[in-house]
Amino acid sequence: MMTNLGNRITQGQFSFLPPLTDEQISAQIKYALKNGWAIGIEYTDDPHPRNTYWEMFGNPMFDLKDPAGILSEINDCRKTYSNYYIRVSAFNATRGVESPAMSFIVNRPKKEPGFAVVRQEAEGRSIRYTIHSYATDKPESERY
Amino acid sequence: MKKDPKDLAPSDSNSVDLDAEFHASNIKEVLDTLDRELIGLKPVKTRIRETAALLLVDRVRKKMDLTAGAPSLHMCFSGNPGTGKTTVALRMSEILHRLGYVREGHLVSVTRDDLVGQYIGHTAPKTKEVIKKAMGGVLFIDEAYYLYKPENERDYGAESIEILLQTMENNRDDLVVILAGYKDRMDMFFHSNPGMRSRIAHHIDFPDYSADELFEIANLMLKEQNYCFSSTGEAAFGEYIRLRMKMAHFANARSIRNALDRTRLRQANRLFAGAKKALSKADLMTIEAEDILASRVFLEGKSDGPSGTDEEAKKST
């Protein structure tokens, strides 16, 4: 874990970089808008890497011209879920593509406890490995 | 580094060429087209010039480290039907974009339907969505007085106004709101929403056109559609305008446009019914006096179109 001090989860774009500033976020959103992608804001408190479907904050935003509106929405989400993971995703609705084109985290909990390796004894002497987030020991919405 | 304004004693090293800045912004081009394509509207043009000058000076000031808050540019256009409120709003967004006041320079034109929801909790998201779409450009609210219905205190319009007011105050750099509507009703609207009145710095009145201006407008409209008056046609249309202006439901440039549309109809009919089958380009373009004199304005002293005229007065720009 030399490159990722402090157990920060690394999902999506820019996750190895220091947190993006609002200007940097605006610039990224501008790029998405220029390509005609729909922007959605999502949040979760389950950091497991296989947790792909996060909760949406409001509706996805279509037909916008300027990132200012989205940034204000991001700030609303940060206010409401200040201690959650929040990500911005850009969906490319072009026929035949229809998948997220961008996704990056814009907010994380103050303290990210990280993951433990869980070993399971299986048939014979084989061992199965999985990871387990310390945060998910607590029930939903009390994790961070 | 911030300098004290007092340190900025006028010296050569600190001078900025306002002319060069003016040329660089291409704003002259926009103002010229405005002059060319919009007839009359003196007070409106003056105000646009003033706004352009202010923004330009502001830009120069910024170069000299003389910072001031961005001026509030929310506007209210009031005037009778057909005086060009929407047309000017479209131009306004372009001018503001050229001057770098708004980032994208698009115009989002909405009415009550787009802002106000149908049930509790529907209005806020709807209004916010429209505002988000307009960010970086101009939000044009046509017939803004419909937003507020004083006779129904449970009307959702008030909620929409509240959200608008908040954005107008907090997101001043992100969008410019232009309200438009008829003068008397706009006055009533502001009377019942004092917060709205005080947040709008620029109230621009669109005056009615004079007969000469209307004639120029007619000429411009015909030219755009590749028509022209014959000399007798010109005289007849001048007379038509004079008569029409005195009648009820006169909607300035919109009445003129409708009159011209009907005239084209009669011209086509004349050409079709006429004996001459080999038509020249000039024949197809020319509007003769008889096309205009067939109007009911001359025959009965009533405006033509059984229902059309009432509507043209009711609809706003």
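Is at least one residue of the range B:194-210 more than 14 Å from chain A (Cβ to nearest Cβ), touching an Asp or Glu at 6+ places or on another chain (Cβ under 6 Å) and in contact (Cβ under 8 Å) with a residue 24 or more places away in the chain? The answer is no, given that none of the residues of the range B:194-210 is more than 14 Å from chain A (Cβ to nearest Cβ), touching an Asp or Glu at 6+ places or on another chain (Cβ under 6 Å) and in contact (Cβ under 8 Å) with a residue 24 or more places away in the chain.
All conditions in (1) closer than 17 Å to A:ASP22 by Cα; (2) of a type in the set (D, E, K, R); (3) at pLDDT 95 or above hold for A:ARG128, with the sole exception of (1). All of A:ASP76, A:ASP66 fail the test of being surrounded by fewer than 17 Cβ atoms within 10 Å (Cβ to Cβ) and either more than 8 Å from chain B (Cβ to nearest Cβ) or of a type outside the set (Val, Ile, Thr) (or both), apart from A:ASP76. Once the range B:76-109 is narrowed to residues that are within 13 Å of another protein chain (Cβ to nearest Cβ) and among the β-branched types (Val, Ile, Thr), the residue that is farthest from B:THR33 (Cα to Cα) is B:VAL108.
Quick one: which of B:VAL108, B:VAL88 is in contact with a helix residue (DSSP H, G or I) (Cβ under 8 Å, 6 or more places away or on another chain), within 28 Å of B:ILE161 (Cα to Cα), modelled with pLDDT of 80 or more and not in a helix (DSSP H, G or I)? Exactly one of B:VAL108, B:VAL88 is in contact with a helix residue (DSSP H, G or I) (Cβ under 8 Å, 6 or more places away or on another chain), within 28 Å of B:ILE161 (Cα to Cα), modelled with pLDDT of 80 or more and not in a helix (DSSP H, G or I), namely B:VAL108. Quick check on the range A:44-60. Is at least one of its residues more than 16 Å from the chain's Cα centre (by Cα), within 14 Å of another protein chain (Cβ to nearest Cβ), loosely packed, with under 14 Cβ neighbours inside 10 Å and not hydrophobic (A, V, I, L, M, F, W, C)? Yes, that holds for at least one residue. Where strands (runs of 3 or more DSSP E) sit wholly within the range A:64-144, those with at least 3 residues that are within 30 Å of B:ASP173 (Cβ to Cβ) occupy A:85-92, A:99-107.
Screening the candidates A:PHE115, A:PHE91 for the property of being closer than 22 Å to A:ARG143 by Cα and in contact with a strand residue (DSSP E or B) (Cβ under 7 Å, 6 or more places away or on another chain) yields one hit, A:PHE115. Among the aliphatic types (A, V, I, L, M), in a helix (DSSP H, G or I), within 14 Å of chain B (Cβ to nearest Cβ) and buried (at least 21 other Cβ atoms within 10 Å of the Cβ): does that describe A:ILE39? No.
The values are calculated or read from the model by the stated rules, or taken from the named source; none is laboratory data. Quick caveat, the model's predicted, so the values are computed rather than measured. Please note: Cβ atoms are built from the backbone with ideal geometry, for glycine as well, and neighbour counts cover all protein chains shown.
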